[in-house]
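Single-structure report; data block below.
The values are calculated or read from the model by the stated rules, or taken from the named source; none is laboratory data. Because the structure is a prediction, the values reported are computed rather than measured. Cβ: placed from backbone, ideal geometry, glycine included. Neighbour counts: every protein chain shown. Quick note on the areas: whole protein, heavy atoms, side chains included, nothing else; ligands and nucleic acids left out. Shrake-Rupley method; radii C 1.70, N 1.55, O 1.52, S 1.80 Å.
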Amino acid sequence: MIDSYPSSDDAEVAIAAARAGADVVRDMYGQWLPRIDKAAGDFATAADVEAEAMILDVIRAARPHDAVLGEEGGQQGAAGAVRQWLVDPLCGTLNHAVGNMLVAVNVALRDGAAAVADPFDGEVFFTDGETARVRHDGVGDALLTPTPASRLVDVNLDPPFPSAPGFRAVDLLAHPEFVERFRPRVVSTTLALAWVAAGKRAAYVTDGGDLSRSVHFAAGIALCRAAGCVVTGIDGAPIGETGRGLVVAADDETHGLLMSMIGSRS
């Protein structure tokens, strides 16, 4: 358990918290877990709840005065606190529940350090707010290097679809230039954002509102920015309070191509 860290080690707090959550997610994989219904078909399981509890234990031990916004537990501490952690203990709950290992654990200090853990691959992608790196099984840190070489673009098809009918992600997959230049992949976890930062994907596209301070997306966005990816909304504007969805690309050319396709559909 972490006792304390100086503020310069927020990245290590994020890493430790994400790994603690990932341990729970991995240990509970394959078990029958009752579902806790939310809204519009969304649900959580005991894995979400227990993983968040472990993450919060790490944060509280290291940063007892910081506020936390967790997907399952909600706001703890002042919502307007200068230091607030955004926690998504299990991104990909449905995948986990049906025995699919495409999941992620997201921990981010708002406008600061962040970590995304892959519970099954042993990788933790993280940033101190300036550089982005990956640590595998707790050993060695390698810089993340985005590249469009794979030509693989992840497109999130999960609802809601606030920009329809002007923009629908499913239409992008049928765009003639898209199928000529890229190969689609469809996921339902923000692990895909870490993959863009790491060069495993060329881009990621999702509809939505302001995702910059979402517990689901904040850690991945921080990683991609620190790695040097191009990060905008689906309208090409900077993400923020008036933002629309998210387009993250490994380089300017890939981003420009996707924006031209999105623009022709919206």
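Can you run down the residue pairs with Cβ atoms below 8 Å, 6 or more apart or on separate chains, where the first is in region 16-34 and of a type in the set (Ser, Thr, Tyr) and the partner is open to solvent by less than 70 Å² (accessible area, probe 1.4 Å)? Matching pairs, first to second residue: Tyr29/Ala47; Tyr29/His96; Tyr29/Gly99; Tyr29/Pro119; Tyr29/Phe120. On the stretch given as region 213-266, residues that are open to solvent by 30 Å² or more (accessible area, probe 1.4 Å) and of a type in the set (Gly, Ala, Ser) total 8. Taking region 124-171 as the region of interest, how many residues are touching a His at 6+ places or on another chain (Cβ under 9 Å) and crowded, with 18+ Cβ neighbours inside 10 Å? Adding up the residues that qualify gives 1. Among what's in region 21-34 and is part of a helix (DSSP H, G or I) and of a type outside the set (A, V, I, L, M, F, W, C), pick the residue that is nearest to the chain's Cα centre (by Cα). Within region 21-34, the match that is nearest to the chain's Cα centre (by Cα) is Gly21.
Here is a yes/no grid of residues against (1) open to solvent by 50 Å² or more (accessible area, probe 1.4 Å); (2) modelled with pLDDT of 95 or more; (3) not in a strand (DSSP E or B):
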{"site": "Asp10", "(1), (2), (3)": "no, yes, yes"}
{"site": "Ala16", "(1), (2), (3)": "no, yes, yes"}
{"site": "Arg19", "(1), (2), (3)": "yes, yes, yes"}
{"site": "Ile36", "(1), (2), (3)": "yes, no, no"}
{"site": "Ala39", "(1), (2), (3)": "yes, no, yes"}
{"site": "Leu56", "(1), (2), (3)": "no, yes, yes"}
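Here Thr190 meets each of (1) closer than 19 Å to Val116 by Cβ; (2) out of contact with any Lys or Arg (no Cβ under 9 Å at 6 or more places or on another chain); (3) open to solvent by 30 Å² or more (accessible area, probe 1.4 Å) with one exception, condition (3).
Looking only at region 172-187, filter to residues that are in contact with a Lys or Arg (Cβ under 9 Å, 6 or more places away or on another chain) and open to solvent by less than 40 Å² (accessible area, probe 1.4 Å); which one of those is farthest from Val124 (Cα to Cα)?
The first filter runs over region 172-187 and keeps only residues in contact with a Lys or Arg (Cβ under 9 Å, 6 or more places away or on another chain), leaving 172, 175, 181-183, 185.
Checking which are open to solvent by less than 40 Å² (accessible area, probe 1.4 Å) leaves us with 172, 175, 182.
Working: Leu172: 30, His175: 34, Phe182: 27 Å.
Ranking the candidates gives His175 first.
Count, please, the residues in region 96-119 that happen to be part of a loop (DSSP other than H, G, I, E, B) and surrounded by fewer than 24 Cβ atoms within 10 Å (Cβ to Cβ). First the steps, then the outcome.
So the first thing to find is which residues in region 96-119 are part of a loop (DSSP other than H, G, I, E, B), and the list is 98-103, 110-113, 118-119.
Next cut, surrounded by fewer than 24 Cβ atoms within 10 Å (Cβ to Cβ) only: 98-102, 110-112.
Matching residues across region 96-119 total 8.
Among what's in region 127-162 and is modelled with pLDDT of 95 or more and polar (S, T, N, Q), pick the residue that is nearest to Arg19 (Cα to Cα). Of everything passing the filter in region 127-162, Thr127 is nearest to Arg19 (Cα to Cα).
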